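Student: Structure in structure tokens, see below.
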Amino acid sequence: MASHEGSTTETRIGVAPHRLWPDGAGELDEVLQTAVRAEELGLDHVFASGHAVAGDLGVTPDALVLLAAIAGATRRIGLVTSILVLPLYNTLVLAHQTATLDRLSGGRFTLGVGTGWDAEEFAAVGVPFAGRGHRMDEQLAAVRQLWRGEGSPRLGVLPRTEGGPPVWVGGQGDAALRRALRFGDAWHGSGVDAEALTGVRARLDALGGEVGRDPGTLELTAGLFLVPPGFTPAVKVPGRPLGGQDATAESVRDELGRLSDAGLVSASLWLPVATEALPDALAWVGEELVPRFPWTVEEVRGSERHRTRGKRMGSPLIHAMV
């Protein structure tokens with residue numbers, strides 16, 4: 001059995017402030033209380049994903065509005081989008097919104113982005129589905145420049161974090177990995193195990209020379225699905241849950257330890273339990289996981305690797321104001 005003892009990577013743990021795929025808007029009524037409790041329990045961050053239209057994945061509040069509300073209710077905990085479908089957004093407006101959120105939250109924001117997969121959502125927003133990957137590359141370059149206050153136009157407010165908030169880039173294909181190397185502070189996966197994470201690191205190593213970046217400077221993060229022992233899933237868990245089927249506290253900690261050993265620096269946990277069971281599931285995370293994967297806010301948020309944001313690329317012209 002792998003052990004977390006002696007691992008060179010400390011994995012920070014975050015949670016969503018609502019259950020996976022809530023059925024109705026009423027299930028969002030306690031998100032602020034959940035986020036405050038997550039902060040009290042010592043978790044690193046809360047995260048939010050967002051889709052603009054209703055679909056098969058339940059209620060999805062606007063991620064930036066949700067995180068802004070949480071920022072006002074908390075003092076320390078990080079705020080992460082996991083993920084925003086970047087090609088759906090106007091680049092200048094998004095850069096301004098995220099800069100404002102980072103400024104007002106005291107530099108607690110992280111922008112996690114992906115290209116998206118739902119063609120119907122793109123059609124509803126009026127944005128072409130084809131070519132979204134190339135547009136996202138242009139958008140990320142432009143957002144970085146806007147955050148740095150370079151060129152014209154200039155944002156109405158700049159981020160509190162020097163160079164801009166950290167950027168996590170999602171996706172499994174080689175194009176996504178190249179994108180993460182070019183523009184990201186971290187790659188952001190979903191549902192990975194230690195073997196898959198090791199494979200991603202090997203692929204990044206192979207692509208690093210092509211992109212012109214040391215792949216070791218790109219962190220590895222992931223969204224994971226956890227049904228704590230004794231809890232019943234409220235929805236079908238997409239893929240293998242953390243710790244396996246019929247997980248135990250030991251199996252969950254063991255798998256997180258192996259992921260940590262493979263280089264995972266941040267685990268964002270979806271808890272697919274009933275909304276009324278979420279406080280108890282969150283308490284389980286705080287009691288069984290947080291003490292065994294220690295980190296301190298000062299070490300994490302003050303570290304050099306957390307302060308080299310926005311310095312991956314030069315200063316490309318802004319040409320993605322879509």
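Student: Could you size up the charge dipole of the chain around its Cα centre, putting +1 on the beta carbon of Lys and Arg and -1 on that of Asp and Glu, and report it in debye to the nearest 20?
Tutor: Roughly 1320 debye for the chain.
Student: Given the alpha-carbon gyration tensor of region 9-165, what are the semi-axes of its equivalent ellipsoid in whole angstrom, ordered largest first, with each equal to the square root of 5 times an eigenvalue?
Tutor: Equivalent ellipsoid semi-axes, largest first: 25, 22, 13 Å.
Student: Where both partners of a DSSP beta bridge lie in region 163-283, what percent of those bridges are antiparallel, to the nearest 5?
Tutor: Antiparallel bridges: around 5 percent, rounded to the nearest 5.
Student: Answer with one residue from 129, 100, 232: the one whose Cα lies farthest towards the positive end of the charge dipole of the chain, charges on Cβ with Lys, Arg +1 and Asp, Glu -1.
Tutor: Looking along the dipole axis, the top candidate is 100.
Student: Looking at the chain, what % of its DSSP beta bridges pair antiparallel, to the nearest 5?
Tutor: 5
Student: Take every DSSP beta bridge whose two residues both sit in region 46-142, then give the antiparallel share in percent to the nearest 5.
Tutor: 10
Student: Work from the charge dipole of the chain (Cβ charges, +1 for Lys and Arg, -1 for Asp and Glu, about the Cα centre) and give the residue of 262, 248, 41 farthest towards its positive end.
Tutor: 262
Student: Separate question: In nm, what is the difference between 0.36 nm times the number of residues separating residue 240 and residue 276 and their Cα-Cα distance?
Tutor: Length gained between residue 240 and residue 276: 10.6 nm.
Student: Report the percentage of all Cα-Cα pairs in region 139-291 whose separation exceeds 28 Å, rounded to a whole percent.
Tutor: 35
Student: Right, here's the next one. Over the heavy atoms of residue 59, what accessible area does a 1.4 Å probe trace out, to the nearest 10 Å²?
Tutor: 40
Student: Now a separate question. Please report the orientation-averaged projected area of region 206-284, defined via the convex hull of its C-alpha atoms, in nm².
Tutor: 6.4
Student: Still on this structure: Could you sort 167-179, 76-88, 198-210 so that the peptide with the highest average Cβ count within 10 Å comes first and the rest follow in order?
Tutor: In decreasing order of mean packing, 167-179, 76-88, 198-210 become 76-88, 167-179, 198-210.
Student: Give the Kirkwood hydrodynamic radius (Å, one decimal) of region 94-202, defined as one over the mean of 1/r across all pairs of different Cα atoms.
Tutor: Across region 94-202, the inverse of the average 1/r is 15.1 Å.
Student: Residue 117 to residue 152: FRET efficiency via 1/(1 + (r/R0)^6), r the Cβ-Cβ distance, R0 35 Å, to the nearest 0.05?
Tutor: According to the calculation, E is roughly 0.55.
Student: If you take the C-alpha gyration tensor of region 50-135, multiply each eigenvalue by 5 and take the square root, what semi-axes do you get, largest first, in whole Å?
Tutor: For region 50-135, the semi-axes come out at 25, 15, 10 Å.
Student: At each listed q (0.12 Å⁻¹), what is the log10 of I(q)/I(0) that the Debye formula gives for the chain modelled as equal alpha-carbon point scatterers?
Tutor: Each listed q maps to, in turn, -0.79.
Student: For every helix of n ≥ 4 consecutive DSSP H residues, a contribution of -39,500 (n - 2.57) applies; sum these over the chain, divide by its total residues, and give [θ] at 222 nm rounded to the nearest 500 deg cm²/dmol.
Tutor: -11000 deg cm²/dmol, from helical runs alone.
Student: Between residue 130 and residue 76, what length comes free when the chain is fully extended (0.36 nm per residue of separation minus the Cα-Cα distance, one decimal in nm)?
Tutor: 15.5 nm
Student: Going by a ≥ b ≥ c, the root eigenvalues of the Cα gyration tensor, does region 113-159 fall in the rounded group (a/c under 1.5), the prolate group (a/b larger than b/c) or the oblate group?
Tutor: It is prolate, given that a/c is not under 1.5 and a/b is the larger ratio.
Student: Identify, among 171, 271, 189, the residue whose Cα sits farthest towards the positive end of the charge dipole of region 170-301, taking +1 on the Cβ of Lys and Arg and -1 on the Cβ of Asp and Glu, with the dipole about the Cα centre.
Tutor: Of the listed residues, the answer is 171.
Student: What ranking do 48-57, 263-272 get when scored by the average of other Cβ atoms within 10 Å per residue, highest first?
Tutor: Result, highest mean first: 263-272, 48-57.
Student: Could you order 135, 182 by accessible surface area, starting with the largest, using a probe radius of 1.4 Å?
Tutor: I get 182, 135, largest accessible area first.
Student: To continue, here is another question. State the three equivalent ellipsoid semi-axes of region 4-99, derived from the C-alpha gyration tensor as the square roots of 5 times its eigenvalues, in descending order and whole Å.
Tutor: With the √(5λ) rule applied to region 4-99, the semi-axes are 24, 18, 15 Å.
The values are calculated or read from the model by the stated rules, or taken from the named source; none is laboratory data. On a predicted model such as this, the values are computed, not experimentally measured, just so you know. Cβ coordinates were reconstructed from backbone atoms using ideal geometry, including for glycine residues, and neighbour counts include every protein chain displayed. We work out accessible area using only protein heavy atoms, side chains counted, and drop any ligands, DNA or RNA first. Shrake-Rupley method; radii C 1.70, N 1.55, O 1.52, S 1.80 Å.
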